[in-house]
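To start, the structure under review is shown below, and the notes come after it.
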Amino acid sequence: MSATLSNPDLAPTTPDQRTWSTGHIAALWIGMAVCIPTYTLASGMIEQGMAWWQALLTVALGNLIVLVPMILNGHAGAKYGIPFPVLMRASFGTVGANIPAIARALVACGWFGIQTWIGGAAIYQVLVALGWIDAAAETARIAAHPPLGITAWQFACFIAFWLTNLHFVWHGINHIKWLEAWSAPFLIVAGLALLAWALFKVADPAALFTKTSAFPTPGGFWKVFFPQLTAMVGFWATLSLNIPDFTRYAKSQKAQVWGQALGLPTTMTLFCFIGIVVTQATVVIFGKAIWDPVVLVGMLGSVPIIILALVALSVATLSTNIAANVVSPANDFSNLAPGRISFRTGGMITAVIGVLMMPWYLYNNLSAYIFTWLIGYGALLGPIAGIMLCDYYIIRKTNLDVKALYDPRGPHAGINAAAVAALVIAVAPNLPGFINAATLSHRFPAFFDTIYAYAWFVGLGLAMLAYYILMRGKADRAA
């Protein structure tokens, strides 16, 4: 294999490296799914008028939908032992593969920064609970320096959690496997304990489930449902692309299929349900809805309970961050220059960019940011998924020449113009709607907003069709 296209981290996994069982894959998903953004997923839907059960079903359906490309794209990783950027060489070319790889990596850098800020906030709340930090004085400092928006204590806690992440980045995939396997049962128990606390503290638990839909007509519900469903699919649209980064370590196809099916939709739905119930309970207990669990934990009163709960939040954030937001960009940046950038170096690049993006600013507008961004990058990543699926299943019938993927002069050398063209064609219809959403304006007709509500689905379908036509045309010309 050429040193310009391969290194020990990008080379196909050996049989000795394929040690992840069904339980390991399921634990991976539990570790990634149990996080604060999952806990708050239903908040935007309920605020827009959905009943709690409608929001929960939307989350469940979205995750069942995204499970399909997750399993399909995971097939190549388990069969050939190759990571996401190497798989993309089959469709985009050895050089062109950097386009989807870097697109995926930059999204992960943003999420890495946000999750690291959340983990640092948990540490900060522990110090406040212990009386080591004067919260009132901290608030005054933030008000006095609005351009910065962060105090020295907050930044110190952020960096402390950032360094914890770097420990696992530095030690590689085996330490990540250990983290996910160890944290999964702990996080499930912690989530159920929080649910039990909410039900115990409320005199009439049944009253928590009485909120009905606020839509006067079915049409109002559907106008909210489809954009939110797209956002739910977009939540894991990133992982549906780079899932080969993990399935390449699976013992078998059965392990990756069952591990994902058991771990992803079930955990996402359960933890979202916990978020709904606990938040409904805060309305009764504290007189207001508290969606942020970090804020809620700081109000529990007992210092030992606060510390234990924030440790759980920190573990949840760490397990999500490392698996979801480090593994992929580490491989993606490595793909830029395999001879110079290893997995470890790529992870360090991710960590630095995550700080430079100033995630505390992003987190201050988390609700609007997540749902605008989720649909927005779903409009980009959906087409990439469509091209991947079409190339692997329709064009190549799951048969890859692995050696050719590492050959700078082979059939995949350079850039496959058909893949780039299909990507542009599939992204274009969603751009006007994205601009309308990002600028809160109506620069383009409402028709484009309707298209944008289905961004991931539109992009995936258009990309598959365009890529198939262009590749068939390429084959016809070659004949």
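Please treat every number below as a calculation from the coordinates, not as lab data. As the structure is a computational prediction, the values presented were derived from the model and not from experiment. Counting neighbours? That spans all protein chains shown, and the Cβs are built from the backbone with ideal geometry, glycine included.
Measure nothing fancy, just the Cα-based angle from helix 455-478's long axis to the longest principal axis of the chain, in degrees from 0 to 90, nearest 10.
Orientation of helix 455-478: about 10 degrees from the principal axis.
Treating the angle as unsigned and between 0 and 90°, give the value, to the nearest 10°, between the Cα long axis of helix 135-144 and the longest Cα principal axis of the chain.
Rounded to the nearest ten degrees, it is 60.
Using only Cα atoms and rounding to the nearest 10 degrees, what angle (0 to 90) does helix 417-427 make with the longest principal axis of the chain?
The answer is roughly 30 degrees.
Measure up LYS79/LYS177; LYS201/LYS223; LYS177/LYS403; LYS251/LYS403; LYS251/LYS474; LYS79/LYS474 against 25 Å on the Cα-Cα distance and list the ones that go over.
LYS201/LYS223; LYS177/LYS403; LYS251/LYS474; LYS79/LYS474
Summing +1 for each Lys or Arg and -1 for each Asp or Glu, what net charge is found among the other residues whose Cβ lies under 11 Å from the Cβ of THR282?
Around THR282, the surrounding residues sum to +1.
Report ³J(HN,Hα) in whole Hz for each residue of the stretch 384-391, in order, from the Karplus equation J = 6.51 cos²θ - 1.76 cosθ + 1.60 where θ = phi - 60°; Gly and Pro get x.
Couplings: 5, 4, x, 5, 4, 5, 5, 5 Hz.
Which ³J(HN,Hα) values, rounded to whole Hz and listed in residue order, are derived for the stretch 110-123 from phi using the Karplus coefficients 6.51, -1.76 and 1.60 in 6.51 cos²θ - 1.76 cosθ + 1.60 with θ = phi - 60°, glycine and proline given as x?
For the stretch 110-123, the Karplus curve yields x, 5, 4, x, 5, 5, 5, 5, 4, x, x, 5, 5, 4 Hz.
Given the C-alpha centroids of the stretch 38-59 and the stretch 211-235, what is the distance between them in whole angstrom?
Centre-to-centre distance over Cα atoms comes out at 9 Å.
Relative contact order for the chain: what percent, with Cα pairs under 8 Å and sequence separation of 6 or more?
That works out to 33 percent.
In whole Hz, with x marking every Gly and Pro, tabulate ³J(HN,Hα) for the stretch 92-108 from phi via Karplus 6.51 cos²θ - 1.76 cosθ + 1.60, θ = phi - 60°.
9, x, 5, 8, x, 4, 5, 5, x, 5, 6, 4, 5, 5, 5, 4, 5
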